[in-house]
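Please treat every number below as a calculation from the coordinates, not as lab data. None of these values were measured; they are calculated from a predicted model. Quick reminder, even Gly has a Cβ in these numbers, built from the backbone with ideal geometry, and neighbours come from all protein chains shown.
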Amino acid sequence: MAKIIAVTNQKGGVGKTTTSVNLGACLAMLGKRVLLVDIDPQGNTTSGIGINKADVVHCIYDVIINDVHPKDAIADTAIPNLKIIPATIQLAGAEIELVPTISREVRLKKSLHLVNHMFDYILIDCPPSLGILTINSLTAADSVIIPIQCEYYALEGLSQLLNTVRLVQKHLNTTLQIEGVLLTMFDARTNLGIQVIEEVKKYFQQKVYQTIIPRNVRLSEAPSHGESIITYDPRSKGAEVYMELAKEVISYE
Ligand code: ADP
Ligand code: MG
């Protein structure tokens, strides 16, 4: 059975998509069977891993709204062990369309249950909100990875996120855990980054990954080539740190 991890933080631009794509790719390179689930209507994971949205026949929207079998929505990527259920802009309507439906919070959970046995890891790239799509993700997941950008106000909004996690634990998914907190876009040239690391470690303690993701321009270039860092520039610092993170994630299996 796969371990299902939601990569989540309602703040945009903190590294959710970069982490989903590159952690997924590195886990796959290490021999794990990985499914990426793009549940952000922006579909950045989808395009970032090289899927042309115009060619998508079934996306995650069809799976959670139209009861399409998730197997029929799974697409290949350039990395053999790495598959994806893509998102298209269609998904933007889902927040509203799900409101009147029965068991709207457990739709993704039920769908992923059907393909769980095919993978070792399922990584869900969440949208930048705490709406029904994120609730579906937290309900489907065994655990969450929370990326936090090393910048001012890093901890802002986190109490809201943790409160949502607690509500989901209470009402929908009692076994949901925090897999780890990931510090991203660290800039070693500033004191600020070091302060943020200390602050986050004080707050989350041993939940913080030892691997810290630095700012690396190759990481920001890779998506426009439709590639993960591990194929785009395997010798870059970005590839090195996401490979380290993948090993750290595996070590907690
Ligand atoms: P989110 O999914 O949380 O909105 P993204 O992963 O899309 O965040 O990252 C936001 C932007 O920052 C993107 O343009 C991405 O390429 C860039 N980025 C993310 N992580 C890094 C990094 N470690 N170094 C440099 N750029 C990064
Ligand atoms: Mg994103």
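Applying the criterion of being surrounded by 15 or more Cβ atoms within 10 Å (Cβ to Cβ) and more than 16 Å from Thr19 (Cβ to Cβ) to the residues of the range 222-236, the residue that is farthest from ligand 1 (Cβ to nearest atom) is Thr231.
For (1) of a type in the set (S, T, N, Q); (2) closer than 18 Å to Gly12 by Cα, each residue gets a yes or a no:
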{"position": "Leu162", "(1), (2)": "no, yes"}
{"position": "Leu172", "(1), (2)": "no, no"}
{"position": "Leu176", "(1), (2)": "no, no"}
{"position": "Val181", "(1), (2)": "no, yes"}
{"position": "Phe186", "(1), (2)": "no, yes"}
{"position": "Leu192", "(1), (2)": "no, no"}
{"position": "Lys202", "(1), (2)": "no, no"}
{"position": "Gln206", "(1), (2)": "yes, no"}
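Ile64 fulfils the conditions (1) surrounded by fewer than 23 Cβ atoms within 10 Å (Cβ to Cβ); (2) over 17 Å from the mean Cα position of the chain (by Cα); (3) among the β-branched types (Val, Ile, Thr) except for a single criterion, (1).
Candidates are the residues of the range 162-194 that are touching a residue at least 12 places away in the same chain (Cβ under 8 Å) and surrounded by fewer than 19 Cβ atoms within 10 Å (Cβ to Cβ); the one that is farthest from Asn136 (Cα to Cα) is Ala188. Evaluation of Val200 against the conditions (1) within 26 Å of His69 (Cα to Cα); (2) part of a helix (DSSP H, G or I) shows that the sole unmet condition is (1). Scanning the range 95-126 for residues that are hydrophobic (A, V, I, L, M, F, W, C) and within 16 Å of ligand 2 (Cβ to nearest atom) returns Leu123, Ile124, Cys126.
Yes/no matrix, rows are residues, columns are (1) part of a helix (DSSP H, G or I); (2) of a type in the set (A, V, I, L, M, F, W, C); (3) surrounded by 21 or more Cβ atoms within 10 Å (Cβ to Cβ); (4) more than 11 Å from ligand 1 (Cβ to nearest atom):
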site: Gly24; (1), (2), (3), (4): yes, no, yes, yes
site: Leu35; (1), (2), (3), (4): no, yes, yes, yes
site: Thr46; (1), (2), (3), (4): yes, no, yes, yes
site: His58; (1), (2), (3), (4): no, no, no, yes
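Scan the range 7-64 for residues that are within 10 Å of ligand 2 (Cβ to nearest atom), of a type in the set (A, V, I, L, M, F, W, C) and more than 24 Å from Arg107 (Cα to Cα) and the total you get is 1.
Residue by residue, here is whether (1) among the polar types (S, T, N, Q); (2) in contact with a helix residue (DSSP H, G or I) (Cβ under 6 Å, 6 or more places away or on another chain); (3) within 17 Å of Pro147 (Cβ to Cβ) holds:
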site: Thr190; (1), (2), (3): yes, no, no
site: Gly193; (1), (2), (3): no, no, yes
site: Val200; (1), (2), (3): no, no, yes
site: Tyr203; (1), (2), (3): no, no, yes
site: Lys207; (1), (2), (3): no, no, yes
site: Ser220; (1), (2), (3): yes, no, yes
site: Pro223; (1), (2), (3): no, yes, yes
site: Ile229; (1), (2), (3): no, yes, yes
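Return the total of residues in the range 71-129 being part of a helix (DSSP H, G or I) and either among the polar types (S, T, N, Q) or touching a Phe, Trp or Tyr at 6+ places or on another chain (Cβ under 7 Å) (or both). The qualifying residues number 5. For the range 67-89, name all the residues that are touching a residue at least 12 places away in the same chain (Cβ under 8 Å), surrounded by fewer than 17 Cβ atoms within 10 Å (Cβ to Cβ) and of a type outside the set (A, V, I, L, M, F, W, C). The answer is His69, Lys71, Asp72, Pro80. The set of residues in the range 1-20 that are touching an Asp or Glu at 6+ places or on another chain (Cβ under 8 Å), β-branched (Val, Ile, Thr) and within 14 Å of ligand 1 (Cβ to nearest atom) comprises Val7, Thr17. Taken over the range 130-148, the criterion of being surrounded by fewer than 20 Cβ atoms within 10 Å (Cβ to Cβ) and either assigned to a loop (DSSP other than H, G, I, E, B) or within 12 Å of ligand 1 (Cβ to nearest atom) (or both) is satisfied by Gly131, Asp142. Consider Leu183 against the criteria (1) away from ligand 2 (no atom under 16 Å from the Cβ); (2) more than 18 Å from the chain's Cα centre (by Cα); (3) more than 25 Å from Ile64 (Cα to Cα): it satisfies all of them except one. Which criterion is unmet? Here Leu183 meets the rest and fails (2).
Rundown of residues vs (1) assigned to a helix (DSSP H, G or I); (2) more than 17 Å from the chain's Cα centre (by Cα), yes/no style:
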{"residue": "Gln160", "(1), (2)": "yes, yes"}
{"residue": "Leu167", "(1), (2)": "yes, yes"}
{"residue": "Arg189", "(1), (2)": "no, yes"}
{"residue": "Gln195", "(1), (2)": "yes, yes"}
{"residue": "Val241", "(1), (2)": "yes, no"}
